[in-house]
Amino acid sequence: MGADDKIKHAAEEASGKAKEAWGKLTDDERLEAEGKGQQTSANIKQAGDDVKDAFR
C-alpha cells in the first residue's frame, strides 16, 4: 500500500478527531457524530490497507 493512502487516512482520522472535539466543545451533537463517523471510516480504510499489505 502506498504511503499516500496511509497519510490520507491518518489525516482523515485526525480531522475526525478535531471535528468530534469541536462538536463537544460547542455542544454540536451533529458535528460530534460526524467526527466520530469520519474516524470510523478512516480506521476501516486503514484496516483494509493493513490486510492488503499482509497479503503482499
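Computed from the coordinates by the stated procedures, all read-outs in this text should not be read as laboratory data. Computed from a predicted model, the values in this text were never measured in an experiment. Heads up, the Cβs are rebuilt from the backbone with ideal geometry, glycines too, and the neighbour counts pull from every protein chain shown.
How high is the relative contact order of segment 3-49? Use alpha-carbon pairs under 8 Å, at least six apart in sequence, and give a whole percent.
Over segment 3-49, the number comes to 43 percent.
Along the charge dipole of the chain, which of Gln46, Gly2, Leu31 sits closest to the positive end, that is, farthest toward it, with unit charges on the beta carbon of Lys, Arg, Asp and Glu (+1, +1, -1, -1)?
Positive-most Cα among the choices belongs to Gly2.
Per 10 Å bin, what percent of the C-alpha pairs of segment 3-49 does each bin hold, from zero upward?
35, 44, 18, 3
Return the single residue from Lys24, Lys45, Lys36 with maximal mean-square fluctuation; model: Gaussian network over the chain, springs between Cα atoms under 10 Å.
Ranking Lys24, Lys45, Lys36 by mean-square fluctuation puts Lys24 first.
How many nm separate the modelled label positions at Asp49 and Asp27, each set 7 Å beyond the Cα in the direction of the Cβ?
Placing both labels 7 Å beyond Cα along the Cβ direction yields 3.8 nm.
Charges only on Cβ, +1 for Lys and Arg, -1 for Asp and Glu: so what's the dipole of the chain about the Cα centre, in debye to the nearest 20?
On the way: 10 positive and 13 negative charges, 34 e Å.
The dipole magnitude comes to about 160 debye.
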